[in-house]
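For reference, the structure is listed below as structure tokens.
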Amino acid sequence: MKPKKLKESFYLQDDVVLIARELLGKHLLTNIDGVLCGGIITETEAYAGTSDRASHAYGGKRSKRTEVMFHEGGVAYVYLCYGIHSLFNIVTNVENVPHAVLIRAIHPMTGIDVMLKRTKKSKAGPGFTDGPGKLSRALGIHHKHTGMSLFGNKIWLEDRGVKIDEKDILVTPRIGIDYAGKDALLPYRFLLKGNNF
DNA sequence: CGGCCGATCCACT
DNA sequence: GTGGATCGGCCGA
């Protein structure tokens, strides 16, 4: 199957939890600093808008940081966490519905040498791009890229025909959101079983 | 304007 | 297993 860039209709779907599941196996690509890098998405988390205590947009909160989440689906929401890490999210749903999917891990495929250099690693083994902060650094994604369209030529997603079987998907609660009360228990995290990355 | 804290990672014990 | 790094956003004064 020929690679095809994910288009608007994918990002406008109403069910962000379903989108998070469907993003497994899709390719995330960047062309930053003139270098093509990318990999297969292996772990995601859904953030379900104004009613989700774990979401930055909980209660409909708008701020300079969260405003981009209210944008129509198909843009990047990248923010700085712990003063060090840029976390990459995909904004979904229609304008004013602030849904997003956090990409937590990828299996590197393209531009591995450059990604190694960016992360100061010597080889692409376990622990290379298995966290949201790490994969952003490897791909060259910075919080200055927040609001960027995913239909452009810097950051985008492709369907390359990777088929994911239901039995290979692990579903768990989300990570690092203990402050979210009962919403911390929601099964909104999806990962591919047996992936080393 | 000051203080607190985070959707994390790494070095060190 | 634990704590420090490090800084923008947010809230209260």
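Key figures for this structure:
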| quantity | calculated |
| --- | --- |
| Pair list, Cβ under 6 Å, 6 or more apart: segment A:35-61 residue closer than 25 Å to A:Lys163 by Cα, other residue among the small types (Gly, Ala, Ser) and modelled with pLDDT of 95 or more | A:Leu36/A:Gly111; A:Cys37/A:Gly111; A:Thr42/A:Ala105; A:Glu43/A:Ala105; A:Thr44/A:Ala20; A:Ala46/A:Ala20; A:Tyr47/A:Ser55; A:Tyr47/A:Ala100 |
| Extreme residue, nearest to DNA strand C (Cβ to nearest atom), among residues of segment A:79-106 that are surrounded by fewer than 20 Cβ atoms within 10 Å (Cβ to Cβ) and part of a strand (DSSP E or B) | A:Leu80 |
| Output for segment A:66-78, where each listed residue is assigned to a strand (DSSP E or B), within 11 Å of DNA strand B (Cβ to nearest atom) and of a type in the set (Val, Ile, Thr) | A:Val78 |
| Qualifying residue in segment A:125-135 (condition: of a type outside the set (A, V, I, L, M, F, W, C), more than 26 Å from A:Arg53 (Cβ to Cβ), away from DNA strand C (no atom under 16 Å from the Cβ) and surrounded by fewer than 16 Cβ atoms within 10 Å (Cβ to Cβ)) | yes |
| All positions within segment A:148-181 that are assigned to a loop (DSSP other than H, G, I, E, B) and either without any contact (Cβ under 8 Å) to a residue 12 or more places away in the chain or aromatic (Phe, Trp, Tyr) (or both) | A:Phe151, A:Gly152, A:Asp165, A:Gly176 |
| In segment A:80-100, the residues that are more than 17 Å from A:Lys154 (Cα to Cα) and within 8 Å of DNA strand B (Cβ to nearest atom) | A:Leu80, A:Cys81, A:Tyr82, A:Gly83, A:Ile84, A:His85, A:Ala100 |
| Total residues in segment A:40-78, condition within 16 Å of DNA strand C (Cβ to nearest atom) and among the small types (Gly, Ala, Ser) | 8 |
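The values are calculated or read from the model by the stated rules, or taken from the named source; none is laboratory data. Everything numeric here is computed off the predicted structure, so don't read it as measured data. Using ideal geometry, Cβ is built from the backbone for each residue, glycine included, and neighbour counts are taken over all protein chains shown.
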